[in-house]
Amino acid sequence: MIRHILTDGMDEFDLTRLDVYRSRGGYEALAKALRTMSPDDVVNEVKVSNLRGRGGAGAGTHFKWSTLPNDGRPRYLILNGDESEPGSFSGRMLVQKNPHLIIEGALLAAYACKMARIFLYLRGEFHEGAEVMARAVGAAREAGLVGDRILGSDFSVEFVVHRGAGAYICGEETAIMESLEGKRGHPRTKPPFPTAAGLYGMPTVIQNVETVANLAPIVANGGAWFAGIGPAKSPGTKICSISGRVRRPGNYEIEMGTPLRELLEEHAGGLEPGHALKFILPAGASSALVLPSQLDTPLDFDSMTAIRSMLGSAGMLVCDDRDCAVHVAYLGARFYHHESCGKCTPCREGTGWTEKVLHRMEHGEGRPGDTKRLSDLCAGIGGRKCLCLLGDFSVTYLESALRAFREEFVAHEAGGPCPVAHAALEVSAR
Amino acid sequence: MTALPAEEARAIVARYPSPRSAILPLLWLGQRTAGHVTPEAVQDVAELLDLRVSEVESVLSFYTMFRRRPPARCRLEVCRSLACAMKGAEEIVEHVREATGVEPGGQSEDGQFSIAYVECVAACDHAPAYIFNERMGGPLTREAALALIRGEGVGRP
Ligand SMILES: Cc1cc2nc3c(=O)[nH]c(=O)nc-3n(C[C@H](O)[C@H](O)[C@H](O)COP(=O)(O)O)c2cc1C
Ligand code: SF4
């Protein structure tokens with residue numbers, strides 16, 4: 001079911017304007033918190049809400065906050081707006097169309113966790129998003145909503161918009177901190193976890209932009225209200241980005257627990273006429289494939305994990321009978337090889353070899369044993385051998401493609417033209 | 001400082017608890033000022049942040065969006081990640097290559113245009129997506145690609 005909470009009024013009104021956002025109840029949650037709630041009260045509402053992180057892993061937001069040490073050191077909040085997972089584009093929309101919802105949520109998180117400063121890390125390609133955000137922060141500052149003594153209270157916090165400059169890995173939470181410290185975006189070893197020793201060695205909370213966008217509605221309506229939306233263990237809404245072979249690609253905010261079939265067939269308009277669903281990559285390139293037989297799975301963190309895939313950031317790429325599994329696998333492998341930061345050997349070398357094998361299979365030069373070679377490479381890279389999860393991401397989708405469409409891979413070992421109906425045919429016939 | 005607007009550069013440094021955090025924003029400032037990151041800008045950043053030039057270079061080279069040479073007038077970047085490749089992004093770039101002789105990653109000799117591949121730009125709903133002179137758009141077609149690089153601005157879809 002479609003439910004507009006984060007996207008409420010977004011298409012009808014220019015919410016990037018502070019006066020418009022305020023006229024629709026914007027910043028009232030912040031005012032309520034500052035006037036009538038202690039930081040712990042806000043923390044408690046978030047606890048009751050059961051909010052889980054929208055950036056991929058679905059980590060409990062309250063749990064994350066509860067691991068902050070109480071030692072008086074400055075604490076930092078980093079908003080993760082790096083959004084580089086192929087298939088995910090919900091953050092782009094929120095940043096461009098509802099920037100104040102992100103700012104208000106971040107201010108609430110900073111008030112609750114007594115943060116010294118907020119950094120919004122936006123991927124470099126969001127040129128327009130960065131302009132929208134900078135204007136919104138500027139307007140909020142002039143109105144006394146950001147900076148010193150916010151709304152006349154004792155609470156002060158600065159908000160810094162920081163642009164990345166092209167690197168998928170900088171979405172990983174420790175790489176984002178390295179990048180913010182002015183270094184190459186190489187992930188750090190964990191532990192220590194960011195809440196213990198993060199940015200500049202200080203306690204740091206990293207939160208996806210959509211996660212914090214939920215905080216103003218939670219504070220305004222109460223945690224119990226939020227907890228009552230969708231499944232109890234995975235409540236709220238999720239903005240799903242759906243693209244590929246659907247008639248109406250786009251962002252759809254749905255209640256958690258909505259069946260994938262409803263999103264695909266009703267909201268995204270189903271497949272293009274005359275074509276049949278082959279598989280869906282539900283969490284961008286980093287998730288195991290969802291097959292047509294699994295379309296009735298509810299879209300929430302636990303149900304998607306139960307079918308051995310994941311909800312992740314819900315960037316859903318839909319593939320139909322024109323899409324050869326080897327072609328899609330090659331595209332994924334090329335992406336991961338390009339984006340591996342090169343710090344650990346299995347990921348750096350393994351993604352390169354995987355791309356090489358898939359490149360020759362895709363280009364009619366497959367060799368006997370290539371399918372087995374790919375399985376062996378997956379075994380060599382996956383299983384938490386690498387410093388960060390990018391290594392594992394690069395094999396999850398591939399292993400599941402090898403399981404579900406083994407015969408297509410084996411058929412490519414013979415070389416020659418692609419034996420599967422290929423997107424290229426359709427394109428050249430246009 | 002010779003290459004960076006001094007006042008703006010100092011204001012950027014002041015935003016951060018640690019000066020070094022200002023590297024990327026300062027490099028962006030350099031790129032905005034001169035069109036690309038010049039050796040003088042790198043020198044300025046190093047001096048301002050009390051780093052060695054080699055340290056700034058090391059950071060700079062990690063990120064793909066900084067240009068080291070003057071930009072073409074029309075810069076077309078075409079996404080080639082999954083959704084865009086499935087919708088024919090590479091066929092479009094190939095078409096431009098055949099029509100102009102300029103390889104992806106290259107620039108025309110007269111400095112009129114450049115064309116390059118980029119990885120997912122978070123615009124899969126507009127696949128094949130592109131970034132033209134810092135503005136996102138899509139779906140790209142062969143005709144639109146040629147019009148864009150010729151500077152005939154097809155408007156934004
Ligand atoms: C390779 C890699 C890339 C990631 N990219 C992003 C990203 O672009 N945006 C994001 O919010 N989280 C990303 N994550 C997850 C973050 O590490 C982190 O878990 C998340 O930002 C936490 O926020 P949340 O608790 O609000 O979900 C990525 C993780 C990995 C391993
Ligand atoms: S797994 Fe890959 S991306 Fe992650 S740290 Fe290692 S080399 Fe870098």
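The values are calculated or read from the model by the stated rules, or taken from the named source; none is laboratory data. As the structure is a computational prediction, the values presented were derived from the model and not from experiment. Positions of Cβ are generated from backbone atoms using ideal geometry, with glycine treated the same way; all protein chains shown enter the neighbour counts. Heavy atoms of the whole protein, side chains included, go into the accessibility calculation; ligands, DNA and RNA do not. Shrake-Rupley method; radii C 1.70, N 1.55, O 1.52, S 1.80 Å.
Take the Cα atoms of the stretch B:76-151, find their three principal axes, and give me the spread along each one in whole Å, biggest first.
Principal extents (Cα only, largest first): 33, 23, 19 Å.
So, in nm, how far is label B:Arg73 from label A:Asp302 when the simple model puts each one 7 Å beyond its Cα toward the Cβ?
6.1 nm
Mind grabbing the base-10 log of I(q)/I(0) for the stretch B:6-62 at q = 0.14, 0.25, 0.27, 0.31 Å⁻¹? Debye formula, identical points on the C-alpha positions, no solvent, two decimal places.
Results for the stretch B:6-62 at q = 0.14, 0.25, 0.27, 0.31 Å⁻¹ read -0.30, -1.01, -1.18, -1.48.
Residues of the stretch B:16-42 losing 30 Å² or more of accessible area relative to the isolated chain, 1.4 Å probe, heavy atoms only?
With the partner chains in place, the stretch B:16-42 has these residues losing at least 30 Å²: B:Tyr16, B:Pro17, B:Arg20, B:Ser21, B:Leu24, B:Trp28.
Between the stretch A:370-418 and the stretch A:101-135, how far is it from one alpha carbon centroid to the other, in angstrom?
38 Å
Normalised by the number of residues in chain A, what is the relative contact order in percent for Cα pairs under 8 Å and 6+ residues apart?
Once divided by the residue count of chain A, the mean separation gives 16 percent.
Just checking chain B: which Cys have no other cysteine's beta-carbon under 4.7 Å?
Within chain B, the cysteines lacking a partner Cβ under 4.7 Å are B:Cys74, B:Cys120, B:Cys124.
Would you mind listing how long the stretch A:325-429 runs along its three principal axes, going by Cα atoms, in whole Å with the largest first?
Per principal axis, max minus min of the Cα coordinates gives 43, 27, 21 Å.
So what is the accessible area of chain B per residue, in Å², with the probe set to 1.4 Å? Could the numbers behind the result be given before it?
Numbers: 6870 Å² over 157 residues.
Heavy-atom SASA per residue in chain B reads 44 Å².
Counting heavy atoms of the protein chains only and a 1.4 Å probe, report the per residue accessible area for the stretch A:325-429 as a whole number of Å².
That works out to 43 Å² for each residue.
Of the heavy-atom accessible surface of the stretch A:237-320 (probe 1.4 angstrom), what whole percent is carbon and sulfur?
Carbon and sulfur together cover 50 percent of it.
Quick one: length gained pulling A:Met1 to A:Ala379 fully straight, 0.36 nm per residue minus the C-alpha distance?
Values: separation 378, 0.36 × 378 = 136.08 nm, distance 3.91 nm.
Working it through step by step, the gained length comes to 132.2 nm.
In nm, give the distance between the simple-model label positions of A:Asn221 and A:Arg17, each being 7 Å from the Cα along the Cα-to-Cβ direction.
Calculated label separation equals 2.6 nm.
Volume per residue, Å³, of the convex hull around the alpha-carbon atoms of the stretch A:188-325?
Value for the stretch A:188-325: 142 Å³ per residue.
If one computes P(r) from the Cα atoms of the protein assembly as shown, what percent of pairs lie at distances over 35 Å? Please report the intermediate quantities before stating the final value.
Values: 63932 of 171991 pairs.
Cα-Cα pairs in the protein assembly as shown separated by more than 35 Å: 37 percent.
From Cα pairs below 8 angstrom and at least 6 apart in sequence, can you work out the relative contact order of the stretch B:74-149, rounded to a whole percent?
It comes to 41 percent, rounded to a whole number.
Using R₀ = 25 Å, calculate the FRET efficiency as 1/(1 + (r/R₀)^6) where r is the Cβ-Cβ separation of A:Arg141 and B:Glu47; round to 0.05. Could the numbers behind the result be given before it?
On the way: r = 30 Å, r/R0 = 1.20.
According to the calculation, E is roughly 0.25.
Roughly how many percent of the accessible protein surface of the stretch A:18-227 is carbon and sulfur, given a 1.4 Å probe and a whole-percent answer?
51 percent
Any chance you could check the Cα centroid distance between the stretch A:338-353 and the stretch A:260-322 for me, in angstrom?
Rounded to whole Å, the Cα centres lie 28 Å apart.
Under 13 Å from the Cβ of B:Met1, count the other residues' Cβ atoms, weight Lys and Arg +1, Asp and Glu -1, and hand me the total.
Working: positive: B:Arg10; negative: B:Glu7, B:Glu8, B:Glu40, B:Asp44, B:Glu47.
So the surrounding residues net to -4.
Taking all pairs of different Cα atoms in the stretch A:1-106, averaging 1/r and flipping that mean, what Kirkwood radius in angstroms comes out?
One over the average 1/r among Cα pairs gives 15.9 Å for the stretch A:1-106.
Would you give the gap between the C-alpha center of the stretch B:122-153 and the C-alpha center of the stretch B:65-96, rounded to a whole Å?
One Cα centre to the other: 9 Å.
Length gain on complete extension for the stretch A:Arg403 to A:Arg24, per 0.36 nm per residue less the alpha carbon to alpha carbon distance?
In short, 131.4 nm is gained.
Heavy-atom accessible surface, probe 1.4 Å, ligands and DNA/RNA ignored: which residues of the stretch A:313-341 lose at least 40 Å² versus the isolated chain?
A:Leu317, A:Leu331, A:Arg334, A:Phe335, A:His338
Using modelled amide H (1.01 Å from N, peptide plane; none on Pro or chain starts), what sits under 5 Å from the amide H of A:Tyr76, excluding residues fewer than 5 places away?
A:Ala116, A:Thr204, A:Val205
Using a 1.4 Å probe on protein heavy atoms only, how many Å² of accessible area do A and B hide from each other, summed over both chains and rounded to 100?
Looking at A and B, the buried total is near 4200 Å².
Please give the length that would be gained between A:Arg360 and A:His338 if that part of the chain were fully extended, namely 0.36 nm times their separation in residues minus their C-alpha to C-alpha distance (nm, one decimal). Walk me through the intermediate numbers first.
Numbers: separation 22, 0.36 × 22 = 7.92 nm, distance 1.70 nm.
Taking 0.36 nm per residue and subtracting the Cα distance, the gain is 6.2 nm.
So who's got an amide H within less than 5 Å of the one on B:Val118, skipping anything under 5 residues away but keeping other chains? H placed 1.01 Å off N, in plane.
B:Val78, B:Cys79, B:Arg80
Of all trypsin sites (Lys or Arg not before Pro) in the stretch B:39-68, which ones are in loop regions per DSSP and have a Cβ with at most 10 other Cβ atoms within 10 Å? Please list the in-between numbers first.
Details: sites: B:Arg52, B:Arg67, B:Arg68; in loops: B:Arg52, B:Arg67, B:Arg68.
Qualifying residues, ordered by number: B:Arg52.
Roughly speaking, to the nearest percent, how much of the stretch B:74-149's 1.4 Å accessible area is carbon and sulfur?
46 percent
Of the listed pairs A:Lys238/A:Lys372; A:Lys190/A:Lys372; A:Lys114/A:Lys238; A:Lys278/A:Lys385; A:Lys97/B:Lys87; A:Lys114/A:Lys183, which have alpha-carbon separations greater than 29 Å here? Working shown, then result.
Working: A:Lys238/A:Lys372 38 Å; A:Lys190/A:Lys372 33 Å; A:Lys114/A:Lys238 27 Å; A:Lys278/A:Lys385 31 Å; A:Lys97/B:Lys87 26 Å; A:Lys114/A:Lys183 27 Å.
Over 29 Å Cα-Cα: A:Lys238/A:Lys372; A:Lys190/A:Lys372; A:Lys278/A:Lys385.
Given q = 0.14, 0.16, 0.17 Å⁻¹, what are the Debye log10 I(q)/I(0) values for the stretch A:18-227, with equal point scatterers placed on the Cα positions and solvent ignored?
Values returned for q = 0.14, 0.16, 0.17 Å⁻¹ are -0.78, -1.05, -1.20.
What base-10 log of the normalised intensity I(q)/I(0) is obtained for the stretch A:353-397 from the Debye formula, alpha carbons as equal point scatterers, at q = 0.28 Å⁻¹?
Scattering profile of the stretch A:353-397, log10 relative to I(0): -0.96.
Using Cα atoms only, what is the angle between the long axis of helix B:23-34 and the major principal axis of chain B, expressed in degrees (0 to 90) to the nearest 10?
With rounding to tens, the tilt is 70 degrees.
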